[in-house]
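Accompanying notes for the structure given below.
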Amino acid sequence: MQGHDGPAMAMACHASGGLLATAGADRKVLVWDVDGGFCTHYFKGHKDVVTTLMFHPDTNKTLFLFYSLVVHLEEKFKLMLSKRLVGYNEEILDMTFLGEEEKFLAVATNLEQVQVYDLESMSCSYVLAGHTEIVLYLDTCVSSSGRPLLVTGSKDNSLSFLPLWLPDLVSVVVLKGHKRGIWSVEFSPVDQCVITASGDKTIKMWAIANGSCLKTFEGHTSSVLRASFLTRGTQFVSCGMRFILL
């Protein structure tokens, strides 16, 4: 699918699996019909690159896309500062809540480590090490044993699995196979596997159990910036510097 006048920087899949939203460096947001592969809606108005977007979590409401500070069809949303993390001098690249109760927040910056904050005290509880270059992306899931698991993708071409119930919080599995940095990682919503998008123009699917590469997907002609599951894990979509692949 082609529609952006530059790299697609972010994606979001609707819970129904039928719609996909993409945000680009061209400051546009497009909504696509997954089955037909055509654009259904077009949004513009930003003065800079759109880096994050999401669908309304309640699928019973009128479909609405968040990609900026916006006005809802019926009400205005007001954002109020609840808590603040201070002390950073580096750019924040990614963040994710940990565990079902979401009591901790993992933060990736322009460093090789990931810092984990206790949201109650707002203090750094853990520093996760193991990579040799900047950590670019984070994702988390609940493992088959019912315990939280964090995966990190790095510019050092590898990804690491970190079981968050271990006292020393060391990487149990380090996966190597990409030839360039890993721009995104995402757990499957149904299977014990994870997909990675890389600057080497490929997407790889990995088994969580033993760290083996299950399959390598090719087709992009430039860096793959994002890969995300849709239709309940039966398909995935990827976006790169030039186009989007289903």
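The values are calculated or read from the model by the stated rules, or taken from the named source; none is laboratory data. Since this is a predicted model, take the numbers as computed values, not measurements. Because the Cβ atoms are built from the backbone with ideal geometry, glycine has one as well, and the counts that use them run over all protein chains shown.
Identify all residues within the stretch 200-214 that are closer than 18 Å to VAL151 by Cα and modelled with pLDDT of 90 or more; write none if there are none.
If we filter the stretch 200-214 for residues that are closer than 18 Å to VAL151 by Cα, which is where we start, we get 203-214.
Hits for the stretch 200-214 are ILE203, LYS204, MET205, TRP206, CYS213, LEU214.
In the set VAL49, VAL31, only one residue is in contact with a Cys (Cβ under 8 Å, 6 or more places away or on another chain), of a type outside the set (Phe, Trp, Tyr) and at pLDDT 65 or above; that residue is VAL31.
Regarding ILE182, is this residue modelled with pLDDT of 90 or more, closer than 23 Å to GLN113 by Cα and of a type in the set (A, V, I, L, M)?
Yes; evaluated as a whole, the condition is true for this residue.
Number of residues in the stretch 83-110 that are in a loop (DSSP other than H, G, I, E, B) and over 15 Å from VAL151 (Cβ atoms) equals 14. From the list PHE43, PHE64, the lone residue that is at pLDDT 70 or above and closer than 24 Å to LEU230 by Cβ is PHE43. Which members of the stretch 137-166 meet the condition of being in contact with a Phe, Trp or Tyr (Cβ under 6 Å, 6 or more places away or on another chain) and under 23 Å from GLY199 (Cβ atoms)? Scanning the stretch 137-166 gives ASP139, VAL151, GLY153.
Scanning the stretch 34-43 for residues that are in a loop (DSSP other than H, G, I, E, B) and either within 29 Å of THR96 (Cβ to Cβ) or touching a residue at least 40 places away in the same chain (Cβ under 8 Å) (or both) yields VAL34, GLY37.
For the residues GLU120, GLU133, GLU112, the requirement of being loosely packed, with under 15 Cβ neighbours inside 10 Å, more than 21 Å from ILE195 (Cβ to Cβ) and in the same structural domain as SER184 (by TED's automatic domain parsing) singles out GLU120.
crowded, with 18+ Cβ neighbours inside 10 Å, outside the structural domain of TYR137 (by TED's automatic domain parsing) and out of contact with any Phe, Trp or Tyr (no Cβ under 6 Å at 6 or more places or on another chain): does that describe ALA21? Spell out the reasoning first.
On the way: crowded, with 18+ Cβ neighbours inside 10 Å: yes; outside the structural domain of TYR137 (by TED's automatic domain parsing): yes; out of contact with any Phe, Trp or Tyr (no Cβ under 6 Å at 6 or more places or on another chain): yes.
When the stated conditions are applied, ALA21 passes them.
Note on the stretch 118-148: residues that are among the hydroxyl-bearing types (Ser, Thr, Tyr) and either touching a Cys at 6+ places or on another chain (Cβ under 6 Å) or free of Cβ contacts under 8 Å to residues at least 24 places away in the same chain (or both) amount to 4.
The set of residues in the stretch 24-49 that are surrounded by fewer than 16 Cβ atoms within 10 Å (Cβ to Cβ) and either in contact with an Asp or Glu (Cβ under 7 Å, 6 or more places away or on another chain) or of a type in the set (S, T, N, Q) (or both) contains only THR40.
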